[in-house]
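First the structure, in the form of structure tokens, and then the observations on it.
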């Protein structure tokens, strides 16, 4: 997971202690991925172990409240640079619960796949509307880089949700066609039923 | 809603659209402006060339106030304000002497009168003699200023001095030389002292000098130029009352109202048919212009269909859509009309010297008839308006949803318009048939009914296109594409095809009429004498035939000149009747020199219509002192004596002095053809019984005589005696005018066809650009565009020409009835109608011209396919 | 529920009631819409989503009175469009309904201001007054400085802004947008949607036809159309079985 790299990237901009790091992360990503502070400290410990960060020594090691302030090391700087220049790998598709659910729904008898799809689509659509509503409250071209960062993260969620809706649409269309073709195939002796054709003719003219 | 306000938006859209699509706008401008320009130029030229009464006052009366003419025997005149305007009505006993100068002057408050004598005299020329216009007046008097323009030399100052015009110099005379007048008693050798052009006529020879210089014989008539104060209409009427005709400056320039004119001259002579013909030509021209400009508006409407659909979506009503298209017609038509009128006036001004050089009379001042030009401009505007009406109507009815969804193509053709087309076509045919069966005036009815026929044809064009598109499946790609595209975009194809069709219909109809007329002339041609024979005849009784014969013999040394005798017509005439007093001939004539020819034995040379088997019988009868009486073709008379009645006249009074009836042994010969030849041949003995002595009445010239020789002989004869001439029978010869008219027709048809086809093709190509881009995208070669262009021209030109030819046959054939049938010529049976279809011309129009157009289009189309995206 | 429905019916700016639209006749007949009921209220943006051929564009042309339903009624601001006649519907489009299309939205021969003034001028308003309104509308959509430009000289996003200005000019309360972002990149498209949204927030009723969920998400409600039938609507629990709907045809 990239929390490690994300924290490293934040530290590159200046030394921070754990709480500060968490607050900054959430500000930049719009609280989309909540971090608990324990996760932050665990990660910082690992980073220190790997020699990528070190407690800042120029200062008294800890501020007045006794927080340990971390700074990035040269190795850490290299790691951050490498992270930014390497594309996110997609070799291992993330485990997707929805895909698994649909795959099972199609194969397990007695489940109404259509309903599954529709319910999911409504839910995703509602989420999409929520994201959009979040966007609506903000100016479309923010000047603050941090605002921009948040906005981009929001867009990523919007596009992901949209992709999911489109994928659901696609599943629905394929399932529907399969369902329409099945009776026709099963009863080949009957005069060719029209539904498939009908679906084809029901087009909206030549709009490109 | 204020109407003007409602038009503001459409007009703004139209103006911007015209500017955005310059090429198409210019096309429409040219289509409409050209006819306007031509008509304007012609109208201005005609008005300039026509010299109105007021304009010509100076030419006619110089600086005088009036010109008074009197003649013996006239005691009362009813004239229009301008007596030259036509037909003063005179009254008189024929004996009362004309009013004297004193009488005239007294009615003019004692104004000074200057006598003018005008007439014609003859000048000797190198080849013989020629008539010249002659004027005798004191040219030094200021009253004559304006009658002549001195161009070189000086005015005559002494008796015996004259001025001549350039045309006289062209005859071989020169300034300083003497004038050789041929009239008897002419003063010898008047001296030419200057060159003065007549202000009226330009090319006819003209001479002028002081009274007596030319020995003009104006016996019984006098003319005076009047000095003094203006001559009022009242004074004119007073002078009329004593028998004088007056051209008064004051009256001509400011004519009295019609109500003050004498009743006798108030009659209108126009019968309205001229107006009908003009209206007909106007309607035809309007249809043609509308059809030519139609495709441009159709394409313009298509280009705007997206805008119009958007307008509809934002709440525009169909009427507002219509207005947008109509507004573009108003903008373009208005500009075209103004430009056409403006350029027309300019063209006329520029061409004026050129036209003047080809005219025999001097033009009036440059004149622009604004009112008529306003009408011409209105015609241009109207044609644009009419051309836009159908596209506008279609645009207002378009399917907004389909257009917004990006679908193209016209709505399917309705069945109603072709039905209406059939009805109109039927009406046109019926009208033509009615016109053909009418005894007189059928031509106009046929021409008028050509209009519904053409309109009906236009309505049938979509049907034809649809039919073609249906059977086009096996055609090569480019042709198939062109046919289908033409069918899909009827709004622009139909007017283009119709324009071509209307042109071809007109040309075919006129062509059939012309060549049928020619066929009739050929079929009903009546030779005057036997082919190859020349006849010299004279209209003066006392002519020296021997002198004439020597003139002819001198010009034609290898020809044989034979004197022919006949009974002279001078102081009597003879009628010939059959044994029981019946009339023998429907008509006869003096083509051999006299109505009754004299011959003892051999028949006169040049005789026609006598069958070979009748010749011995006729010759025997003549040799035996009898006569030959001709009988109308198709009838026969049996018997052996004819009755001849000789009437004699007093040559002075014209009254019959007596008649003389004799019975003469006769051979009755039935003519094989109607002929304007003699009614009978008499032997000298038979003539003696009638109390008439046969005289020479003509010279027969046999042997080859060329046309050039004929002209030479005629000129030589004119020098010897005024009223003689040689006529050589050469059989039927096609009138040059017919051939020229056919060529002009074909040329005009070709230009209009080419114009219609070209505009439609290039508009179609620009309209089909997206499709062509698709073609190029799938790998069509650059030549394909040329191919498509040529195919389009073939479809438009070919379909139009074929339809037009078919429709043209209706009035064409119909018009041959009134044009070429007669109730019988010279007593012959009824002839005609004659029908001669100029197949070569039809073939040229229907096959050759479209093919040529296609080649031209193919050559000039840009072969590079446009690389534009499919935008609409 | 019943009370709420009645209130909704009376205040709806656009209401479709059991609307069916059949294109063509006989064997080639195509049912574009089948018994669709639908409403858009003041201040509300409703998205209509569906694939090509689902009937969503037909719904829009019916809502604007450019087309008439085979059965059912379409009312705008309480008036049944069928009762108006063609001229009345045209007047409705000038005074109550504004259209925004995917592209070729503007008349090329007219400037931006003239395009916006078009419905007012068509309605017989004086050129000057119409143009003043148009300039105000252009200011509102943020391109007051482009008022005298011709469409050719504007970017796609600017043209679409002009189209929206034209759709709202003259206090019109129903905006019908057919894929208004189709020809634009995502960012420009988003700005157009933002603008549309703000017009609705200002009190207009909007219907947005799109096939992209991302755009539909700007709406308060999303209606899913499949083969001329409303199969789903976010925020409601009225969910018919889609596959059944398809299979029972």
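Which of rounded, prolate, oblate describes region A:97-188, given a ≥ b ≥ c as roots of the alpha-carbon gyration tensor eigenvalues and a/c under 1.5 marking rounded, otherwise prolate only if a/b is larger than b/c? Write out the running numbers ahead of the final one.
Values: a/c = 3.85, a/b = 3.18, b/c = 1.21.
Prolate, because a/c is 1.5 or more and a/b exceeds b/c.
Tell me, what does the Kirkwood hydrodynamic radius of region B:144-211 come to in angstroms if you use every pair of distinct C-alpha atoms? When all Cα pairs of region B:144-211 are included, the Kirkwood radius is 11.9 Å.
The distance from the alpha carbon centre of region B:714-751 to that of region B:767-791 is 54 Å, rounded to a whole number.
What is the projected area of the convex hull of the Cα atoms of region B:486-605, averaged over all directions, in nm²?
Details: hull surface 64.9 nm².
Approximately 16.2 nm², given one-decimal rounding.
Among B:248, A:122, sorting on how many other beta-carbon atoms sit within 10 Å of each Cβ, with the fewest leading, yields A:122, B:248.
For region C:69-128, the spread of Cα positions along the three principal axes, ordered from largest to smallest, is 39, 28, 17 Å.
Between residue B:620 and residue B:149, the FRET efficiency estimated from the beta carbon spacing at R0 = 60 angstrom works out to 0.25.
The alpha carbon centroids of region A:5-57 and region B:472-544 are separated by 101 Å.
This ranking places B:813, B:596 by how few other beta-carbon atoms lie within 10 Å of each, fewest first, which gives B:813, B:596. When A:85, B:144, B:100, B:853 are sorted by how many other C-beta atoms sit within 10 angstrom of their C-beta, beginning with the fewest, the order is A:85, B:100, B:144, B:853. Packing, taken as the mean count of other beta carbons within 10 Å per residue, orders the peptides B:4-16, B:785-797 from highest to lowest as B:785-797, B:4-16. Separation of region B:349-408 and region B:131-199, taken as the distance between their Cα centroids, equals 50 angstrom.
Helix B:545-555 and the long axis of chain B differ in direction by around 50°, with both axes built from C-alpha atoms. Here is how the number arises for chain B: DSSP H runs of 4 or more residues each give -39500 (n - 2.57), the sum is divided by the residue count, and the result at 222 nm is -16500 deg cm²/dmol.
Helix-only estimate, please: 222 nm mean residue ellipticity of chain C, summing -39500 (n - 2.57) across DSSP H runs of length 4 or more and dividing by its residues, to the nearest 500. Display every interim value, and only then the final one.
On the way: 9 runs with 93 residues, N = 249.
Value at 222 nm, helices only: -11000 deg cm²/dmol.
Inside 10 Å of the C-beta atoms of C:118-128, what's the mean count of C-beta atoms belonging to other chains?
Details: counts 8, 5, 2, 8, 9, 4, 4, 1, 3, 4, 0.
For this peptide, the per-residue mean of nearby foreign Cβ atoms is 4.
Working note: Debye formula, equal point scatterers on the alpha-carbon atoms of region B:704-781, no solvent; log10 I(q)/I(0) at q = 0.16, 0.21 Å⁻¹ is -0.83, -0.97.
Going by the alpha-carbon gyration tensor, a ≥ b ≥ c the square roots of its eigenvalues, is region B:431-552 rounded (a/c under 1.5) or, if a/c is not under 1.5, prolate (a/b greater than b/c) versus oblate? Taking the square roots of the gyration eigenvalues as a ≥ b ≥ c, region B:431-552 is prolate.
Is the shape of region B:57-265 best called rounded, prolate or oblate, per the rule: a/c under 1.5 gives rounded, else a/b larger than b/c gives prolate, else oblate, with a ≥ b ≥ c the square roots of the Cα gyration tensor eigenvalues?
Working: a/c = 2.12, a/b = 1.84, b/c = 1.15.
Here region B:57-265 falls in the prolate category.
Using only Cα atoms, what Kirkwood radius does the protein assembly as shown have, in angstroms?
Details: mean 1/r = 0.0240 Å⁻¹.
Taking the inverse mean of 1/r over all distinct Cα pairs, the protein assembly as shown comes out at 41.7 Å.
One way to sum up the overall shape of region B:534-728 is the equivalent ellipsoid from its Cα gyration tensor, whose semi-axes run 29, 20, 14 Å, largest first. Residue by residue along C:209-215, Cβ atoms of other protein chains within 10 Å of the local Cβ number 5 on average.
Set the Förster radius R0 to 60 Å, insert the Cβ-Cβ distance between residue B:636 and residue B:416 as r into 1/(1 + (r/R0)^6), and round the FRET efficiency to 0.05. Before the final figure, lay out the partial values.
On the way: r = 65 Å, r/R0 = 1.08.
For R0 = 60 Å, the calculated efficiency reads 0.40.
Computed from the alpha carbon positions, the gyration tensor of chain C leads to an equivalent ellipsoid with semi-axes of 31, 20, 18 Å, biggest first. Both the radius of gyration and Dmax for region B:434-504 are 16.6, 54 Å, in that order, over alpha-carbon atoms. Report the residue, chosen from C:136, C:163, C:29, that carries the largest GNM mean-square fluctuation when chain C is represented by alpha-carbon nodes joined by springs under 10 Å. Result for chain C, Cα springs under 10 Å: C:29 fluctuates most. Across all C-alpha atoms in region C:108-172, the radius of gyration and Dmax reach 10.3, 30 Å.
Helix B:849-860 axis versus longest C-alpha principal axis of chain B: approximately 50°, rounded to the nearest ten.
Per-residue Cβ counts within 10 Å, from other chains only, averaged over B:138-150: what number is that? Walk me through the numbers on the way to the answer.
On the way: counts 0, 0, 0, 0, 0, 0, 0, 0, 0, 0, 0, 0, 0.
Mean number of neighbouring Cβ atoms from other chains: 0.
Binning the C-alpha pair distances of chain B at 10 Å intervals from 0 yields a P(r) profile of 2, 9, 13, 15, 16, 16, 13, 9, 5, 1, 0 %, listed from the shortest bin outward.
Give the calculated FRET efficiency between residue B:402 and residue B:430 to the nearest 0.05, with a Förster radius of 45 Å applied to their Cβ-Cβ distance. Display every interim value, and only then the final one.
Working: r = 41 Å, r/R0 = 0.91.
E between residue B:402 and residue B:430, to the nearest 0.05, is 0.65.
For chain B, the longest principal axis of the C-alpha atoms and the axis of helix B:318-357 are separated by about 30°.
Only the coordinates and a few stated rules stand behind these numbers; no lab work does. Computed from a predicted structure; not experimentally measured. Neighbour counts are summed over all protein chains in view; Cβ atoms, including those assigned to glycine, are modelled from backbone coordinates with ideal geometry.
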